[in-house]
Amino acid sequence: MDYLAQRGGRVKELEQQLAELIETNKRTQLKLQIAEETIDNLKADGKTAAAHEEARLSQAQREKQELEQALQREISATSALVAARQKAEDLQREAEAGARALRAQLEQLQDSASDAKLELTQQVHQAQAQVERLERNCAQAEERIQEAERTRRQAQQQHEKALSEMQRQLEDAITIAEAETSKRREAEAYAAEVEARTVSPAGLSARSSDDATLIKSLRDMIKQQEEEVGEARKIKNHAKNVQVVEEKLRSAEAKVEQAQGQLTDYAQLQAQVAHLQREALRWQSVLTDVADVESPEDVLHRLNQLGRDQATATQQLGDKEAEVRALKESLHMSVQQRQEGEAALKASQDACAELAATAARLERKVTLLTRERDGLKKIIESYDEEDGSELAAHAPAGTPQRAAQAARIDQLNQTVLALEGQVRELEAELQATTAAQQQQAQVAARAKADAESYASQAKRLEQECDDLGRQVGLLQEKLGRGEYNKATTKVLHYVHNPEAEAQKEVEQARQDALQAENAALKAHLQRLEAQVKGGTAEGSSGSEAGMSAALAEAEIAVLNRKVSQLEKSGMRLKEVFQKHIANFREACYYLFGYRIDMASEATPAAAGTGAVPTTFQLKPQHADDKRALLLFRFKDGNMELLPNEYTTRKLQKEVETFIVRYKSIPALTANLTMDMFQKQTQC
Amino acid sequence: MSRQAQATQNTITLKGSTKVVTEFFGYAVNSILYQRGIYPPEAFQQQRKYGLSMMVTADEGLTKYLSNVLQQMSEWLLQGVLQKMVLVITSVNTKEVLERWTFDLHTDAEVLNNGNVPEKPESEIMSEIQAIIRQITASVTFLPLLNDPCTFDLLVYTDAASDVPTEWEESDPRFIANAADVKLRSFTTKVHKVDTLVSYKADAEG
């Protein structure tokens, strides 16, 4: 019984243990279910975490790819900027070389200009020396003229004196010769008588001695007379010398004429000198405004020099224009590159900011994941502790349940390890991203520095471009002024051009005036010569009258010239007036319907009073009758109708009404016009 | 196509371009002479050209002179040796050059050498010429008054190797010292390009 009771108690204990075990098993199963559910939850969490991680990973990869692309863009932009910078530097070097070449050319031009200036200064001095020489020549010519005038006067006086002396001597000689001739005749008559007496033999012997003395005296007389005849011949020769003196006088007069001609030449020279001085003053005024040039010849020389340089300058201009274009293009490219660089910088800055945000986000994610991982670890540790205690308490080691739990725990540990690995990878990526971000920041800083240097370079290039533009403008201005290269170009003009014709007309007018003055002076000279020949009795009043006549003739010539010019302009005006008058008459005809002809009754009496009556003849436009004429007379401001056949026969009523009664000529003409028009249109 | 072909509506040959340019020179010179009062207004007649009312001289001597000069210039244009035409306005009394109208000419070398036929509508050319003539007409607003009686001469810049006809002779370029320049518009026939510029004696006060 006791055994049975012990067995029964044992059974109860066992049943109780069994129930406990069953409950423990149920609890364990419940726990296991809970653990499984927890594991499932953990799995799900792990999956979600994995999904999250995958999503984060993919996002990080995308970000990485974006960053790589941004980095590549930055690298390419940087390389492009570097290339642009190199290009800009090359362009700058080229521009500097061009500027150096231009400076060298400018220096050459300045040198040549200074040389030209020196040469032109010498030419100016030469020209001044020429002007001075001309002035000296003029002064000498004037002195010569004065001297010639004095010589002429002296010669004239000597001639007059010699003439009067010669005339007196001639008269004396003639009287002496006449006396001697009469004496000779008497002597000859006496000799003949003596010879006759000698021939007669009666008185020959008686008078032989007296006759001999007489013959001797007669011979002496004949000798004396012969001497006197010789003297008379000398006087005659002297008279001939008078003719020579006259010839000399004529030659002196010719010299005087020549001197007068020289006087006119002197006047022309003076005019030329004045013109040259004006020109010199003008050139000097011009040259004061022009740099590096001091005289007109300087300008010509300079122009020649510039003409020689023009070909090269034109070529250089073309080169410079090409350079300017290239520089403009490079400037444009640089500006574009700068803009691109700025855009890239901005993009990289944005990318940096984005990366920083991404990094912060990732850091936050990492902390969250770390916390989650730590929480999961804690949970797993608690499960491990619980499982360990329960397993230690309930499940025996080596059972399948324990093995399954251990396997699950291993899986969970592997998952956690994988998650940790992912976290490490993410941390590594984060570090890499941070490093990339720093690199990009450095690249951006470099790009910013490059952009600033490009901006300064662009400014410098703009300035150079402006300088070159100014140089191009100057060269274009030179070309615009018409400067040319004499080696390749020549300037031609038509010989009979309007300017030459105008100058010819001006010269002709001057020549006419001078010719008239010359003719007047010649006439005056002739009168003076006549006065010299006819004696100086008439005195200076005649010369003054002659001078005034000469001046009057010169004035007449000038006035004739003016009259011819005025006649030309008058003819031109007349033509214009006639054209306008014809237009006006035509306009009146078409506007008012009457062709108006005007005739003046210029009687001497009317012309004397100044009130010239004018007759107007109006011929209607619409008239069928050829005799349809209206005659009006306008005198002293009054217009009156003159009766004619047409008005007295056909318009008597209208005249009575409009002219006599209402005193309105327009009403009469208008009424007549309308009547005629109606007749024409009604027919 | 040979050089002898005439200009059509859109293509223009050397001969056609020469005709256009010569005609333009004639009308431009007439317009300048009228606008600047070198000849009295009654010596001019109205004529419709380039869509404008142009003033053309009726003076027999001047017409003959212009005809001779333009005919010779036309020959030089066909040879491609004409570089520039300059109208110089001078004072009759002082012979001083007061104004200088420069018509700079550039000839397309390809057309001259190869006989290429470029294309440009005639209406476009006429429009460009019209703009230049309008500028010449408007130039009286800024050019100084010509108080003295004036005359003019036409200078022609040619290649140095070109022949000089018997009625022509070499001339001084007749520059203006201290000149002010005003660039006017240009026109091109694609064969010839004509740049216009007027230089005038700058006022001493100004």
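See the values below:
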read-out: Solvent-accessible area buried by pairing B with A, both sides, nearest 100 square angstrom, 1.4 angstrom probe; value: 3300
read-out: Selection of trypsin sites (Lys or Arg not before Pro), region A:618-649, meeting DSSP coil and at most 10 other Cβ within 10 Å; value: A:Lys626, A:Arg627
read-out: Chymotrypsin sites (Phe, Trp or Tyr not before Pro) within region B:1-109, DSSP loop, no more than 12 other Cβ atoms inside 10 Å; value: none
read-out: Share of Cα-Cα pairs in region A:418-487 lying beyond 13 Å, as whole percent; value: 79
read-out: Amide H contacts of B:Phe44 (H built 1.01 Å from N, under 5 Å, at least 5 apart or other chain); value: B:Ala58
read-out: Whole-number percent relative contact order across region B:79-206, with pairs defined as alpha carbons under 8 Å at least 6 apart; value: 40
read-out: Amide H within-cut-off set for B:Lys49, under 5 Å, with H built and near neighbours excluded; value: B:Met54
read-out: Cβ neighbours within 10 Å from other chains - mean over B:61-70; value: 2
read-out: Shielding of A:568-574 by partner chains, average beta-carbon count, 10 Å; value: 1
read-out: Principal-axis tilt of helix B:122-138 within chain B, Cα atoms, nearest 10 degrees; value: 10
read-out: Base-10 log of normalised Debye intensity for region B:14-201 (one unit scatterer per alpha-carbon) at q = 0.08, 0.14, 0.19 Å⁻¹; value: -0.25, -0.80, -1.50
read-out: Heavy-atom accessible surface of region B:14-201: percent carbon and sulfur, 1.4 Å; value: 46
read-out: Eligible lysines near B:Lys201 by straight Cα distance, threshold 23 Å, same-chain separation 8 or greater; value: A:Lys478, B:Lys84, B:Lys95, B:Lys183
read-out: Number of partner chain Cβ atoms within 10 Å, mean per residue of B:168-177; value: 6
read-out: Between region A:1-29 and region A:209-276, the alpha-carbon center distance in angstrom; value: 203
read-out: Region A:300-341 and region B:6-72: distance between their alpha carbon centers, rounded to Å; value: 37
read-out: Karplus-derived HN-Hα couplings along region A:340-345 (A = 6.51, B = -1.76, C = 1.60, θ = phi - 60°), whole Hz, x at Gly and Pro; value: 4, x, 4, 5, 5, 4
read-out: Gap separating the Cα centres of region B:103-134 and region A:495-523, nearest whole Å; value: 46
read-out: ³J(HN,Hα) computed for each position of region A:262-273 - Karplus, 6.51 cos²θ - 1.76 cosθ + 1.60, integer Hz, glycine/proline x; value: 5, 4, 4, 4, 4, 5, 4, 4, 4, 4, 5, 4
read-out: Computed [θ] at 222 nm, helices only, for chain B once each DSSP H run of length n ≥ 4 contributes -39500 (n - 2.57); value: -10500 deg cm²/dmol
read-out: From phi via Karplus (6.51, -1.76, 1.60), per-residue ³J(HN,Hα) for region B:36-53 in Hz, x at Gly/Pro; value: 8, x, 6, 10, x, x, 6, 7, 10, 10, 6, 8, 8, 7, 6, x, 10, 8
read-out: Under-5 Å amide H pairs with B:Val92, H placed in peptide plane, nonlocal only; value: B:Cys150, B:Thr151
read-out: Accessible area in square angstrom per residue, region B:19-165, 1.4 angstrom probe; value: 43
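The values are calculated or read from the model by the stated rules, or taken from the named source; none is laboratory data. Treat the numbers as computed from the prediction; the structure is a model and nothing was measured. Heads up, the Cβs are rebuilt from the backbone with ideal geometry, glycines too, and the neighbour counts pull from every protein chain shown. Note: areas computed on protein heavy atoms with side chains; ligands, DNA, RNA excluded. Shrake-Rupley method; radii C 1.70, N 1.55, O 1.52, S 1.80 Å.
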